[in-house]
Amino acid sequence: LLPLSPLLVVLEATGGFESVAAASLVAAGLPVAVVNPSRVRCFAQAMGKHAKTDAIDAAVIAHFADAVRP
């Protein structure tokens, strides 16, 4: 991810499973935010997104991050 120079990498909290990924990203010097998945789900529902695929989830999380600035 470093060559992409992301402004922020956003992960949903998954009961602790995100911890290693978040710590590794921070150790690599990347900005990271771990967000509450229920807030992202409510955001998605407000946008009318009810389908669940990896691509849709990634787009919703990116839109959530842009709008909320976690």
Next on the checklist: Let me confirm something: among Val10, Val60, which residue is in contact (Cβ under 8 Å) with a residue 60 or more places away in the chain and open to solvent by less than 60 Å² (accessible area, probe 1.4 Å)?
Outcome noted: Val10
Checklist entry - Out of the stretch 18-51, which residues are in a loop (DSSP other than H, G, I, E, B) and either buried (at least 16 other Cβ atoms within 10 Å of the Cβ) or modelled with pLDDT under 95 (or both)? => result Leu30, Met47, Gly48, Lys49, His50, Ala51
Item to check | Considering residues of the stretch 34-70 that are β-branched (Val, Ile, Thr) and under 18 Å from Gly15 (Cβ atoms) only, the residue nearest to the chain's Cα centre (by Cα) | outcome: Ile61
Checklist outcome for this item: The correct count of residues that are out of contact with any helix residue (DSSP H, G or I) (no Cβ under 8 Å at 6 or more places or on another chain), within 28 Å of Leu2 (Cβ to Cβ) and among the polar types (S, T, N, Q) in the stretch 12-61 is 4
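The values are calculated or read from the model by the stated rules, or taken from the named source; none is laboratory data. Values in this document were obtained by computation on a predicted structure and should not be read as measured data. Note that we place each Cβ from the backbone using ideal geometry, even for glycine, and neighbour counts take in every protein chain shown. To get the accessible areas, we keep the full protein, side chains included, count just its heavy atoms, and leave off ligands, DNA and RNA. Shrake-Rupley method; radii C 1.70, N 1.55, O 1.52, S 1.80 Å.
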